[in-house]
Amino acid sequence: MLQDPTYKDMLKCRWTQLRQSTLHTDALLNQIDTMATLLNEAKDRHFAKWPVLGIALWANPLPVANDYVGEITNMKTYIQQRLLWLDVNMPGTCTGLAVAEKNNDTQQIKVYPNPFADKFSFTFNIAKPGKVHCEINDSAGKVLYSNLETYTTTGIQIFVVNNFSRGSGVYFLKIKTNEDVSTSRIVSGQL
């Protein structure tokens, strides 16, 4: 398939599109943090049953980590290096137009980490430049956070919410643009 120039160009465009959202380095690293937080309690049981920390197993990146934090750091380093390699070595040419034509993911919100402690990021797509209103509500609909931003570009945007400390619970993130309103469930703390 890599002999077909059309396929290679479409592959490059799809890679470019995903690197701006799902496969963005920050999104992947935050997803790892989310999973590491979720597995934090289970890791103790795992390593008690299988004491493999500090032991080279098949496909472990070197150097071998002696603790859980080191394992997470090694994974993040490997993924960052691999993404950079793929960015440079992905075959094909993308004109940018193909990415816009193929982007049918209007207003899909991706939150990471989720659950979060007091800070989280999210990505969303803007079809037209303009004002975007971000709001976080509790389950009763009370507005706990509100922010209005103006975006001058279209495409995938990354937004960071700092210091959202309202206690453990489920909240609702709402993104309003001129064209659409989207909502995503977010979880604060350990439930």
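The values are calculated or read from the model by the stated rules, or taken from the named source; none is laboratory data. The model shown is predicted, which means the values in this text are computed figures rather than measured ones. Cβ atoms come from the backbone with ideal geometry, glycine included; neighbour counts cover every protein chain shown. Keep in mind that these areas ignore ligands, DNA and RNA; they rest on the heavy atoms of the full protein, side chains included. Shrake-Rupley method; radii C 1.70, N 1.55, O 1.52, S 1.80 Å.
Points worth noting:
- GNM flexibility winner over the chain from Leu148, Leu57, Leu18 (Cα, springs under 10 Å): Leu57
- Pairs of alpha carbons in region 1-142 whose separation is greater than 18 Å (percent): 70
- Cα gyration tensor shape of region 1-85, rounded if a/c is under 1.5, else prolate or oblate by comparing a/b with b/c: prolate
- Accessible area per residue, Å², the chain with all protein chains present, probe 1.4 Å: 61
- The calculated FRET efficiency for Arg14 paired with Ser182, based on their beta-carbon distance and R0 = 25 Å, is about 0.65.
- The chain - share of DSSP beta bridges that are antiparallel (%, nearest 5): 95
- Only lysine pairs 8 or more places apart, or on different chains, with alpha-carbon atoms under 16 angstrom apart are counted in the chain, and they number 10.
- For trypsin sites (Lys or Arg not before Pro), the sites in region 117-160 that DSSP calls loop and that have at most 10 other Cβ atoms within 10 Å are Lys142.
- Extended-chain gain in nm, criterion 0.36 nm per residue less alpha-carbon gap, Trp85 and Thr25: 20.3 nm
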